[in-house]
Amino acid sequence: MLKALIFDVDGTLADTEEVHRLAFNHVFAEFGLDWNWTPELYETLLATSGGRERIAAYGHDLRQRFSSEREFQQFVVALHRAKTRKYAALLTEGEVRLRPGIRRLIDSARSAGLVLAIATSSARSNAETLLDNNLPPGWRDWFSVVESCDSVAVKKPSPAVYEAVLRKLGIAERHVVALEDTRNGLLSATAAGIGTVVTTHRFTRDNDFTGALLVVDSVGEADQPFTVVAGDVHGHRYLSIELIDQLLVEQAMLLPPPLVRASA
Ligand code: XBP
């Protein structure tokens, strides 16, 4: 049943949202803004996908300092570009590692002949910096498709980024599972018809994950089992290809059969 896994990046492959938060605060100071996104505030701001959109939404009070919307948006873009540069530096300096079990799951999926892809609302360069620092040089060949905000402008919860991945993979959504960390990510993948496993973290554990195939606190390892938040793991102690496939088969049994296209 399972033919492909699509990975979200931030918060799923690695706990990068804290690094994003530090990068935002660093450039706010650089730009002379007295903004300070605390962890508690950032948790609420993550309801807006996309760092540029997050800045614009939070900084709407700043708008009147500018003579036009265009000038305000130019400021936001400049601020976000500076943040992306700082984020890349922090990622490299800070040695941000993949979340527990992610490397094992990627290796198992490859050994099982599954297709891998990435769907992120963040910049492609952010995903590449993270994976350049955590996977061997040939990792780019491991992912058949990488869609990001550079290729799909509309951010999650829109299904656009997942629909773009499905189109390029040419695999029916019923054979695909997404891994996500936020409600927006779950809504995006679900709207694209893709069953979704959620791994929570400090910024998203209170999100509403209704509709997920499974909600756990991490992918887990044999010696570091996950904690199940919602769903049935059938005795498994960590997320494996076998468990994901079982969840997908279960979902298929619950769903009506795909509409048979009337032959031309
Ligand atoms: C997470 C996001 C991004 C990051 C910040 O993307 O919504 O906006 O929070 O990165 P995903 P940018 O979970 O889809 O990987 O500043 O580059 O947007």
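The values are calculated or read from the model by the stated rules, or taken from the named source; none is laboratory data. Just so it is clear, the structure is predicted and the values come from calculations on it, not from any experiment. Don't worry about glycine lacking a Cβ; one is built from the backbone with ideal geometry, like all the others, and counts go over all protein chains shown. For accessibility, only protein heavy atoms count, side chains too; no ligands or nucleic acids. Shrake-Rupley method; radii C 1.70, N 1.55, O 1.52, S 1.80 Å.
Using a ≥ b ≥ c from the Cα gyration tensor of the chain (square roots of the eigenvalues), is it rounded, prolate or oblate, where a/c under 1.5 gives rounded and otherwise the larger of a/b and b/c decides, a/b for prolate?
prolate
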Checklist outcome for this item: Computed over the chain, protein heavy atoms only, probe 1.4 angstrom, the accessible area per residue in square angstrom equals 47 Å²
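Can you send over the carbon and sulfur percentage of the accessible area for the chain, probe radius 1.4 Å, protein chains only? Present the calculation step by step, with values, prior to reporting the outcome.
Working: 6420 of 12430 Å².
Here it works out to 52 percent.
Do any of 3/83; 86/155; 3/168 go past 26 Å between their Cα atoms, and which? If you can, show how the numbers build up before the last one.
On the way: 3/83 36 Å; 86/155 22 Å; 3/168 14 Å.
Going by Cα-Cα distance, 3/83 fall outside the 26 Å limit.
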Next on the checklist: If each residue of separation counts as 0.36 nm, what is the full-extension length gain between residue 251 and residue 103 once their alpha-carbon separation is subtracted?
Outcome noted: 50.7 nm
Checklist entry - Could you state the principal axis extents of the C-alpha atoms in the stretch 134-264, from the largest down, to the nearest angstrom? => result 53, 38, 30
Next on the checklist: Just to be sure I understand the curve: with the Debye formula and one point per C-alpha of the stretch 17-93, what is log10 I(q)/I(0) at q = 0.25 Å⁻¹?
Outcome noted: -1.30
Checklist entry - Using a 1.4 Å probe, how large is the accessible area of residue 200, given in Å² and rounded to the nearest 10? => result 10 Å²
Next on the checklist: Within 10 Å of each candidate Cβ there may be at most 15 other Cβ atoms; applying that plus a DSSP loop requirement, which trypsin sites (Lys or Arg not before Pro) in the stretch 122-212 survive?
Outcome noted: 202, 205
Item to check | Label-point gap, in nm, between residue 63 and residue 237 - each point 7 angstrom along Cα→Cβ | outcome: 5.4 nm
Checklist entry - At what distance in angstrom do the alpha carbon centres of the stretch 14-41 and the stretch 95-111 lie from each other? => result 27 Å
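When the helices in the chain are scored as -39500 (n - 2.57) per DSSP H run of 4 or longer and the sum is shared across all residues, what 222 nm value do you end up with, to the nearest 500 deg cm²/dmol? Display every interim value, and only then the final one.
On the way: 9 runs with 107 residues, N = 264.
My calculation for the chain gives -12500 deg cm²/dmol from helical runs alone.
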Checklist outcome for this item: With x for Gly and Pro, the residue-by-residue ³J(HN,Hα) of the stretch 112-127, computed from phi through the Karplus equation 6.51 cos²θ - 1.76 cosθ + 1.60 at θ = phi - 60° and given in whole Hz, is 7, x, 6, 8, 10, 8, 10, 9, 10, 7, 8, 6, 4, 4, 5, 5
